[in-house]
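Undergrad: Let me begin by handing over the structure; questions about it come next.
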Amino acid sequence: MSADALARGDYAAREAGLREVFLVALEGDSRAYQRFLKELSDVLRGFFRKRLQGNLDEVEDLVQEVLLAVHQKRHTYERAQPVTAWVFAIAKYKYIDYLRKNRHAYRHDSIDDAGELFAPDQEQAQDAARDLDRLLSDLPAAHRAAIQSTKIDGLSVEEAARLHGMSESSIKVSVHRGMKKLASILKGRS
């Protein structure tokens, strides 16, 4: 998978690419494993950068912790499951541990993101990732890319606009319309 696909926030391509490389790596291919860890590092940096508001030292520490946990727990990965759901479950738990240790420094954090941090188990996190992927696939490409970049990958509106070659207002409108469409889809399913 190319770094461009990762940067574009193409969730399905990111999942497919990471999964393919990871499965080859699990068979003992050290080059594939190095590639997997490099691509995963880039994804994790975006995930933690949003949450730690640019504190690059802390971001790198958490990325390394997650990579170490992925390495130590790679034997627990179920090959039929999305690798990104498995990795993000680990990342979220590492982030929760970090917040517990640094409670005093993050008392000002918004609770808007708190709901996404508390998945009772890995299976539920994997289910949620599959559901999200299905929901996003129902959106037009521009809306899907804007939501993926800003809401999931943690890019700023400015970064997402540069990445997708759109204006900042177009990104905002795409996110707004996409979220409205998702709400409509979810309301129709309930």
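The values are calculated or read from the model by the stated rules, or taken from the named source; none is laboratory data. Predicted model only: the values in this text are computed from it and were never measured. Virtual Cβ from ideal backbone geometry, glycine too; neighbours counted across all protein chains shown.
Undergrad: Can you spot a residue in region 136-153 that is loosely packed, with under 15 Cβ neighbours inside 10 Å and under 22 Å from VAL87 (Cβ atoms)?
TA: We begin by selecting, within region 136-153, every residue loosely packed, with under 15 Cβ neighbours inside 10 Å; these are 137-138, 140-141.
From the residues that got through so far, the ones that are under 22 Å from VAL87 (Cβ atoms) too are 137.
Within region 136-153, one or more residues are loosely packed, with under 15 Cβ neighbours inside 10 Å and under 22 Å from VAL87 (Cβ atoms).
Undergrad: Moving to a separate point now. Return the residues of region 77-103 that are closer than 21 Å to ARG35 by Cβ and among the β-branched types (Val, Ile, Thr); say none if nothing qualifies.
TA: Restricting attention to region 77-103, the residues satisfying the condition of being closer than 21 Å to ARG35 by Cβ are 77, 79, 81-88, 90-91.
Residues satisfying the conditions are VAL83, THR84, VAL87, ILE90.
Undergrad: Evaluate region 59-70: report whether one residue or more is surrounded by fewer than 17 Cβ atoms within 10 Å (Cβ to Cβ) and at pLDDT below 90.
TA: The initial filter retains those residues of region 59-70 that are surrounded by fewer than 17 Cβ atoms within 10 Å (Cβ to Cβ), namely 60-61, 64, 68-69.
If we keep only those that are at pLDDT below 90 too, we end up with none.
Scanning region 59-70 turns up no residue that is surrounded by fewer than 17 Cβ atoms within 10 Å (Cβ to Cβ) and at pLDDT below 90.
Undergrad: Restricting to region 1-47, count the residues that are modelled with pLDDT under 80 and in a helix (DSSP H, G or I). Write out each step before concluding.
TA: Within region 1-47, the first condition is being modelled with pLDDT under 80, and the residues that meet it are 1-14.
Now drop any that are not in a helix (DSSP H, G or I), which leaves 3-8, 11-14.
Total satisfying the criteria: 10.
Undergrad: Of all residues in region 58-79, which are assigned to a helix (DSSP H, G or I), closer than 15 Å to LEU18 by Cβ and of a type in the set (D, E, K, R)?
TA: ARG74, the sole residue that qualifies.
Undergrad: Could you please tell me which pairs satisfy a Cβ distance under 8 Å, a separation of 6+ or placement on different chains, a first residue in region 81-98 that is on the phi < 0 side of the Ramachandran plot and touching a residue at least 24 places away in the same chain (Cβ under 8 Å), and a second residue that is of a type in the set (Asp, Glu) and not in a helix (DSSP H, G or I)?
TA: Filtered contacts from region 81-98: TRP86/GLU78.
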